[in-house]
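Enquirer: Let me give you the structure first, and then I'll get to my questions.
The values are calculated or read from the model by the stated rules, or taken from the named source; none is laboratory data. No experiment lies behind these values; they were computed from the predicted model shown. Here the Cβ positions follow ideal geometry from the backbone for every residue, glycine too, while neighbour counts run over all protein chains shown. Accessible surface areas use protein heavy atoms only, side chains included; no ligands, DNA or RNA. Shrake-Rupley method; radii C 1.70, N 1.55, O 1.52, S 1.80 Å.
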Amino acid sequence: MAIKAVDILKDFERSVRYFAPLHDCMEKDFEFALGKQWEDSDIATLKAAGVKALTINKIKPILKLLSGIERQSRSDYVAFPEGEEDGLVADITTGLLKHIVKQSKAERKLSEQFNRGNIGGMDFIEPYIDYTHDLINGKLQLRNINPMFVFPD
């Protein structure tokens with residue numbers, strides 16, 4: 001059975017409707033984390049009265065604390081063998097994993113994903129192969145994806 005474009009569009013529209021309230025909340029959460037915690041109308045009212053809008057950002061120190069705990073608690077990637085005969089394969093796989101993490105700057109990208117997930121509630125990371133410098137043997141890379149542009153089925 002072939003999938004029709006109409007069915008894909010219906011699924012996408014359903015996902016957009018379902019995630020729209022969450023995306024609205026996420027947008028406000030990111031603004032709060034950046035320190036924009038006043039409504040524009042409230043700022044205008046205060047400005048008319050000659051008072052500056054003061055923001056004491058109590059969220060930012062907590063986010064920094066969580067970020068620091070995440071960085072300190074990071075552990076190495078290890079492949080475990082399923083049986084005794086898989087020990088050599090597990091060691092080679094562990095070495096490859098460590099090389100890919102170093103080459104693709106995965107730790108920084110995963111930390112960014114963790115931080116954005118703490119603020120907005122979810123974030124996504126996508127592995128891809130970059131053929132920019134080598135058209136035959138590409139490099140495995142990771143990229144952070146804005147959760148506002150991801151619509152799960």
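Enquirer: Hand me the chymotrypsin sites (Phe, Trp or Tyr not before Pro) from the stretch 87-153 located in a DSSP loop with no more than 14 other Cβ atoms within 10 Å, in residue order please.
Expert: Loop-located and lightly packed - TYR131.
Enquirer: Could I ask something else about it? With every protein chain left in place and a probe of 1.4 Å, what is the accessible surface of THR93, to the nearest 10 Å²?
Expert: Roughly 50 Å² of THR93 is accessible to a 1.4 Å probe.
Enquirer: For a test of understanding, tell me how many lysine pairs in the stretch 2-153 have Cα atoms under 18 Å apart, given they are 8 or more places apart or on different chains.
Expert: 14
Enquirer: Which net charge results for the neighbourhood of LEU110, defined as the other residues with beta-carbon distances under 9 angstrom from its beta-carbon, given Lys and Arg at +1 and Asp and Glu at -1?
Expert: Net local charge, LEU110 excluded: 0.
Enquirer: Not counting the cut sites, what is the longest span of the chain without GluC sites (Glu not before Pro) that DSSP labels loop and that have at most 16 other Cβ atoms within 10 Å?
Expert: Result, exposed sites excluded: 83-153.
Enquirer: When only DSSP loop residues count, what trypsin sites (Lys or Arg not before Pro) in the stretch 1-71 have their Cβ near at most 16 other Cβ atoms within 10 Å?
Expert: Sparse-neighbourhood loop trypsin sites (Lys or Arg not before Pro): LYS4, LYS36, LYS52, LYS58.
Enquirer: Report the Rg/Rh value for the chain, based on alpha-carbon coordinates and the Kirkwood definition of Rh.
Expert: 1.12
Enquirer: How far, in nm, would the chain grow between VAL6 and LEU140 when pulled straight, counting 0.36 nm per residue and subtracting the alpha carbon separation?
Expert: Gain in length upon complete extension: 44.8 nm.
Enquirer: Ok, one more. Can you give me the Rg/Rh ratio for the stretch 83-133, using Cα atoms for both radii and the Kirkwood formula for Rh?
Expert: Using only Cα positions, Rg/Rh for the stretch 83-133 is 1.14.
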